[in-house]
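Values in this text are rule-based calculations from the coordinates and carry no lab data. This one's a predicted model, so the numbers in the text were calculated from it and none came from an experiment. In this analysis, Cβ positions are derived from the backbone assuming ideal geometry, glycine residues included, and neighbour counts consider all displayed protein chains.
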Amino acid sequence: MELNSYGVIRKLVMTPKTWKNFQKLRKLTFEVERCVNKVEVKQAIEKIWDVKVDKVNIINMPDSSGVFARRRYVKPGVKRAIVTLREGHSINLPGEAMQSAAAFDSQDVVEREG
């Protein structure tokens, strides 16, 4: 299956840990298709956002299964790419990502105070 640049990246992963990596180390975490490699992820990021990528790390998260209310379930695994941007390059995150990031900052303040 041939993927275009927009088909490689599924979504941006925004958690408190990834937000701190973005602020301090210019690292963004994306959920990507399972069939892509580092080179394809790098080319897609550079084409979509017109930035230069320094490094790409790939994490394959395996399937997980369990039991909930006496029913078995299987949660499919995902592939994530941690992208490090070159010095001087940045990506303007969409509005939803910035709102969730602001929530992470406010949670961090509450944790430090308490």
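Below is a table of values for the structure above.
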read-out	value
Net charge over other residues, Cβ less than 14 angstrom from the Cβ of V8 (K, R count +1; D, E count -1)	+3
Kirkwood-based shape ratio for the stretch 43-89, expressed as Rg/Rh from alpha carbons	1.29
Placed amide H near K52: partners under 5 Å, 5+ positions off or other chain	R86
Pairs beyond 23 Å (Cα-Cα), from K20/K47; K20/K75; K20/K52; K38/K79; K20/K42; K27/K75	K20/K47; K20/K75; K27/K75
